[in-house]
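Novice: Structure in structure tokens, see below.
Just so you know, all these numbers are worked out from the coordinates, no wet-lab data involved. Small disclaimer: the values here were computed from a predicted structure and weren't measured. Note that we place each Cβ from the backbone using ideal geometry, even for glycine, and neighbour counts take in every protein chain shown.
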Amino acid sequence: MNEVLVVDVGNSRMKWGLRGPRGWVAQGAVSNQDIGSLAVRDWQNLERPARAVGVNVAGEAARVRVEGQIARWRLTMEWQRASPQAGGVANRYANPAQLGADRWASLVAARRREMARGAVPRPAIVVNAGTAVTIDALDGDGVFRGGLIVPGIHLMLRSLADNTAGLRVTPGAFQDFPTSTPDALRSGALQAVCGAVEQMRGKLARDGGEVVCYLAGGGAQEIAPQLSAPLERVDNLVLEGVLVLASQPR
């Protein structure tokens with residue numbers, strides 16, 4: 001009964017995990033259109049959690065579907081939102097509440113990981129690679145300086161296919177020097193995302209010190225090989241941050 005159900009509802013899919021005192025008990029991911037069947041499929045054999053916490057950037061319809069699924073346990077979903085300060089992170093967004101809750105959770109998780117290293121916390125670039133790619137700068141003092149939002153790789157490729165008649169071809173593979181249009185499409189999209197990450201890293205590095213990149217999201221596997229070290233890929237970064245936020249005093 002000490003488990004906590006944690007959810008991260010993104011633009012196209014929802015990740016979830018059941019966290020117990022000794023770590024993750026169960027985990028999964030579904031497309032947003034399949035949220036409505038979680039209770040009778042993925043969650044059917046789960047023990048009733050003590051709490052349900054999460055973040056949602058997919059809108060009202062997704063929120064209602066998630067809350068409908070946890071109703072079987074007679075729980076109220078505790079949605080986490082960005083705030084001026086939490087988990088050792090100061091939010092310098094012009095309107096702190098406007099920052100996406102998933103981005104905020106990722107920043108808090110990255111800061112918690114840096115604090116747990118037992119060394120001086122490094123500045124960090126926190127990247128969530130999904131339908132869109134968010135690239136956020138966290139300095140060594142735990143101040144969120146700001147960040148970027150760029151189209152994800154598949155969104156870029158779809159936009160090119162939809163709006164450029166001559167580029168309606170199946171994207172190829174990444175190449176350092178592409179010699180075919182399919183390879184040029186895939187390589188260009190990937191380099192655009194990675195270039196934005198490395199530019200943001202370079203700007204943060206001007207303050208001095210090594211800048212680590214924390215990488216999460218469905219596109220992380222494709223992006224990771226093209227990024228420079230130090231790099232830490234953390235699949236459950238958002239979920240980790242949600243847990244930290246949910247433990248803060250109310």
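Novice: Can you sort Met115, Met200 from fewest to most other Cβ atoms within 10 Å of each residue's own Cβ?
Specialist: Result, fewest neighbours first: Met115, Met200.
Novice: Rounded to the nearest 5, what % of the DSSP beta bridges within the range 1-140 are antiparallel ones?
Specialist: 75
Novice: Still on this structure, I have one more. For every other residue with a beta carbon closer than 11 angstrom to the beta carbon of Val212, add +1 if it is Lys or Arg and -1 if Asp or Glu, then tell me the sum.
Specialist: Cβ neighbours under 11 Å give a net charge of +1.
Novice: Based solely on C-alpha atoms, express the radius of gyration and the Dmax of the chain in angstrom.
Specialist: Cα radius of gyration and Dmax of the chain are 19.0, 58 Å respectively.
Novice: Quick check: Cα centre of the range 174-250 to Cα centre of the range 96-125, how many Å?
Specialist: If we compute the Cα centre of each part, the gap is 14 Å.
Novice: Test of understanding: ordering Leu231, Leu237 by Cβ neighbours within 10 Å, fewest first, what list do you get?
Specialist: Ascending Cβ contact count within 10 Å gives the list Leu231, Leu237.
Novice: Roughly what % of Cα-Cα distances in the range 120-236 sit above 26 Å, to the whole percent?
Specialist: Of all Cα-Cα pairs in the range 120-236, 24 percent lie more than 26 Å apart.
Novice: Kindly provide the helix-only [θ] at 222 nm of the chain, computed as the sum of -39,500 (n - 2.57) over DSSP H runs of four or more divided by all residues, to the nearest 500 deg cm²/dmol?
Specialist: Helices in the chain give a 222 nm mean residue ellipticity of -9500 deg cm²/dmol.
Novice: Counting DSSP beta bridges in the range 120-236, what percent are antiparallel, to the nearest 5?
Specialist: Taking every DSSP beta bridge within the range 120-236, about 60 percent pair in antiparallel fashion.
Novice: By DSSP, what percent of the beta bridges with both residues in the chain are antiparallel, rounded to the nearest 5?
Specialist: Once the DSSP bridges in the chain are tallied, antiparallel ones form about 60 percent.
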